[in-house]
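To start, the structure under review is shown below, and the notes come after it.
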Amino acid sequence: MVGAMLSRWTMSYFAAALACLVGAEILMAAGFGFPSLAIGAPETLLLVHLVSIGWLSLLMLGALFQFVPVLIAKPIYSNALPLPTLLLLLIGLTALLLGFLQLAGRIPGPFPYFPAAAAFLGLGFALALWNLGRTLWPARPLPLPARFVSVGLVCVGATVALGIIFALVLHGAIARPALVDLTSFGVPVHAAAGLAGWLTFTAMGVSYRLLAMFMLSPEETTARSRAVLYIGAAALALVIIGGTAAICLGRSLDTVLAVSGLLGVCALGLYGADVLQLYRARKRPVIELNARMAAVALGNLAGVVLLSIVLMALADFRAHIGAVVFLMAFGWLSGLGLGKLYKIVAFLTWLECYGPVLGKVATPRVQDLVIETRAMKWFWLYFAAVWSGTACLLLDVPAGFRVSAAVMAVATVAIVAELVRARLLADVKPELRQPQMTRRPALLASLSQQTH
């Protein structure tokens, strides 16, 4: 990343995302939503969107604004658009959460929260897609990780489009039978487009580059990695296009979901083999904490697949879909996100503070901005709480789940504290902390645009 542009507002995206994660964990610990209430209750839907939009989507967009230019070795189309994009998304998310509270009868008033959410979230994601799309388009033919990101961006477009339809139908603004049916039966398609397409497929593509970069592994595009892209994209196209068509035509979703699920498992199996190869081929002998936690998160992804297969074999999948989604959202996606944030925040802070003077004065290493032995226990506590929470959902122990969620919140807050310390250079030795010609980075924004 020598000579790379630093995304000015990426840290703000990360801060807002982490606030949403902690908020969701506190709500779960308080017994808000599932499993205390039904999985389709408005309170549960509030939690789902606080996590999927507020935490995971803001995290992903913040990372993409910084790393898409790295994937294609070209600058971001606009460094000014991410801030209004963030503000629109936060306003839209707030309106959406208030809409669910209104639907649950917890707040009064006739204010059209769902249409407002549809407008603000639609515009916010449209700006993000425009910015990232205009960045990627001139770089064709795209390298493999960027192709994954492109598929993920198409999936978020589909997810948002379905979400807008759902919001307008729930508000009563539209009543066309096909769209009402899509709202009634299209939640699996919406969830697959978001969790599997936008979040998981994009994370897979970015992980190819980040794992190789941070572990000093060779970056190679192989027949197997191309197969992951093509099979995964086919699975997503089938579930989104085929699933939507099936609902609109009054057909069952079961066959579409089964075939796309089988293709998805094949893609994930090949991806797992690729990741193992990256770990084995690394030139960095000691694996840093972020890579170890990424391995645990990938193990959780394998656990999601295995748990799904077992539950389907027992004809018990629908009854325990909450446990599967919880393990996917918090064990895989959140685990990977927190693990990579631990490295990314330190890495970008190091670039901003010390990159411009590299080779001119003595500077610390990226590893010197963090203390892994102190942070490690919080990551393990987080994952242990996720596993405990998953078990409690499978065994139908709501009280135990609330305790697990509370432990997750404690661990997450401690990890956030480690990220703040890295950003503030609190763990750098005093004699190396702030050499001449450097300045301490701001907490929520990158003040320096150009690295050395």
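Among the residues of segment 310-325, those that are in contact (Cβ under 8 Å) with a residue 24 or more places away in the chain and hydrophobic (A, V, I, L, M, F, W, C) comprise 321, 323, 325. Is it fair to say residue 354 is aromatic (Phe, Trp, Tyr), over 22 Å from residue 35 (Cβ atoms) and within 17 Å of the chain's Cα centre (by Cα)? Here the answer is no, as residue 354 does not meet what is asked. For segment 60-94, a residue qualifies if it is over 30 Å from residue 46 (Cβ atoms) and either more than 17 Å from the chain's Cα centre (by Cα) or small (Gly, Ala, Ser) (or both), and the qualifying residues are 69, 70, 71, 72, 73, 74, 75, 76, 77, 78, 79, 80. Going by the conditions given, is residue 134 among the basic types (Lys, Arg) and in contact (Cβ under 8 Å) with a residue 60 or more places away in the chain? Spelling it out, it is not the case that residue 134 is among the basic types (Lys, Arg) and in contact (Cβ under 8 Å) with a residue 60 or more places away in the chain. Condition (residue is without any contact (Cβ under 8 Å) to a residue 40 or more places away in the chain, small (Gly, Ala, Ser), buried (at least 21 other Cβ atoms within 10 Å of the Cβ) and touching a Ser or Thr at 6+ places or on another chain (Cβ under 7 Å)) applied to segment 226-235: is it met by at least one residue? Scanning segment 226-235, I find at least one residue that is without any contact (Cβ under 8 Å) to a residue 40 or more places away in the chain, small (Gly, Ala, Ser), buried (at least 21 other Cβ atoms within 10 Å of the Cβ) and touching a Ser or Thr at 6+ places or on another chain (Cβ under 7 Å), so the answer is yes.
Exactly one residue out of 364, 441, 435 is surrounded by 14 or more Cβ atoms within 10 Å (Cβ to Cβ), in contact with a strand residue (DSSP E or B) (Cβ under 7 Å, 6 or more places away or on another chain), in contact (Cβ under 8 Å) with a residue 24 or more places away in the chain and not in a helix (DSSP H, G or I): that is 435.
Answer yes or no as to whether residue 355 is of a type outside the set (S, T, N, Q), assigned to a helix (DSSP H, G or I) and closer than 30 Å to residue 436 by Cβ. Answer is yes for this residue.
Yes/no matrix, rows are residues, columns are (1) of a type outside the set (Val, Ile, Thr); (2) assigned to a helix (DSSP H, G or I); (3) out of contact with any Asp or Glu (no Cβ under 7 Å at 6 or more places or on another chain):
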residue	(1), (2), (3)
217	yes, no, yes
225	yes, yes, no
229	yes, yes, yes
238	yes, yes, yes
242	yes, yes, yes
250	yes, no, yes
255	no, yes, yes
260	yes, yes, yes
263	yes, yes, yes
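Could you say which residue among 443, 419, 447, 424 is outside the structural domain of residue 33 (by TED's automatic domain parsing), out of contact with any helix residue (DSSP H, G or I) (no Cβ under 8 Å at 6 or more places or on another chain) and not aromatic (Phe, Trp, Tyr)? When all the criteria are applied, what remains is 424. Candidates are the residues of segment 308-327 that are of a type outside the set (Gly, Ala, Ser) and in contact with a Ser or Thr (Cβ under 8 Å, 6 or more places away or on another chain); the one that is farthest from residue 414 (Cα to Cα) is 317.
This table checks each residue for (1) under 21 Å from the mean Cα position of the chain (by Cα); (2) surrounded by 20 or more Cβ atoms within 10 Å (Cβ to Cβ); (3) more than 23 Å from residue 154 (Cα to Cα).
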{"site": "256", "(1), (2), (3)": "no, yes, no"}
{"site": "260", "(1), (2), (3)": "no, yes, no"}
{"site": "271", "(1), (2), (3)": "yes, yes, no"}
{"site": "294", "(1), (2), (3)": "yes, yes, yes"}
{"site": "315", "(1), (2), (3)": "no, no, yes"}
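Can you tell me which residue is surrounded by the fewest Cβ atoms within 10 Å (Cβ to Cβ) among those in segment 33-67 that are farther than 17 Å from residue 126 by Cα and of a type in the set (Val, Ile, Thr)? Here the residue is 39. Only one of the listed residues (7, 12) is assigned to a helix (DSSP H, G or I) and either within 24 Å of residue 350 (Cα to Cα) or among the β-branched types (Val, Ile, Thr) (or both). That residue is 12. Restricting 357, 386, 345, 420 to residues that are of a type in the set (Val, Ile, Thr) and at pLDDT below 95 narrows the list to 357.
Within segment 145-194, restricting attention to residues that are surrounded by 19 or more Cβ atoms within 10 Å (Cβ to Cβ) and more than 23 Å from residue 96 (Cα to Cα), which residue is nearest to the chain's Cα centre (by Cα)? Here the answer is 149. Note on segment 23-48: residues that are in a helix (DSSP H, G or I) and either under 23 Å from residue 191 (Cβ atoms) or small (Gly, Ala, Ser) (or both) amount to 13. The set of residues from segment 77-86 being surrounded by fewer than 21 Cβ atoms within 10 Å (Cβ to Cβ) and in contact with a Phe, Trp or Tyr (Cβ under 9 Å, 6 or more places away or on another chain) comprises 77, 78, 79, 81, 83.
Cβ separations smaller than 7 Å between residues 6+ apart or across chains give the following pairs from segment 287-304 residues that are within 22 Å of residue 372 (Cα to Cα) to residues that are among the β-branched types (Val, Ile, Thr) and at pLDDT below 95: 298/275.
When residue 172 is tested against (1) on the phi > 0 side of the Ramachandran plot; (2) modelled with pLDDT of 95 or more, exactly one condition is not met: (2).
The values are calculated or read from the model by the stated rules, or taken from the named source; none is laboratory data. Quick caveat: nothing in here was measured; it's all calculated off a predicted structure. For neighbour counting, all protein chains shown are included, and Cβ atoms are generated from backbone atoms with ideal geometry for every residue, glycine included.
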